[in-house]
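Asks: Below is a structure I'd like to ask you about.
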Amino acid sequence: DYLGLTLETVSRQISALKAEGVLELGPQRRITVPDIRRLMAETGDDMDGGMVS
């Protein structure tokens, strides 16, 4: 709700990340990120927390 995203949008994105091997979905709604740097690359994070030098 805070970000204004619909459940469908979040579900599609999680499914896409799972299909690409970026996320692994386990039992009891557990999400595992095997390679955090790969996830960060997918999200466009520049590793400095968004700070501008």
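Asks: What residues have an amide H closer than 5 Å to that of LEU23, excluding those fewer than 5 places away on the same chain, when H is modeled at 1.01 Å from N in the peptide plane?
Replies: Sorted by chain and number, the residues that satisfy this are LYS18.
Asks: Just subtract the alpha-carbon distance of ALA19 and MET40 from 0.36 nm times their residue separation and send over the number in nm, one decimal.
Replies: 5.9 nm
Asks: Among the GluC sites (Glu not before Pro) in the range 1-44, which ones are in a DSSP loop with at most 15 other Cβ atoms within 10 Å of the Cβ? Mind listing them?
Replies: GLU20
Asks: Sticking with this structure for a sec: In nm, give the distance between the simple-model label positions of THR9 and ILE31, each being 7 Å from the Cα along the Cα-to-Cβ direction.
Replies: Rounded to a tenth, the inter-label distance reads 1.5 nm.
Asks: Classify the range 1-41 as rounded, prolate or oblate, taking a ≥ b ≥ c as the square roots of the eigenvalues of its Cα gyration tensor: rounded when a/c is under 1.5, otherwise prolate if a/b is larger than b/c and oblate if not.
Replies: It is prolate, given that a/c is not under 1.5 and a/b is the larger ratio.
Only the coordinates and a few stated rules stand behind these numbers; no lab work does. On a predicted model such as this, the values are computed, not experimentally measured, just so you know. Note that we place each Cβ from the backbone using ideal geometry, even for glycine, and neighbour counts take in every protein chain shown.
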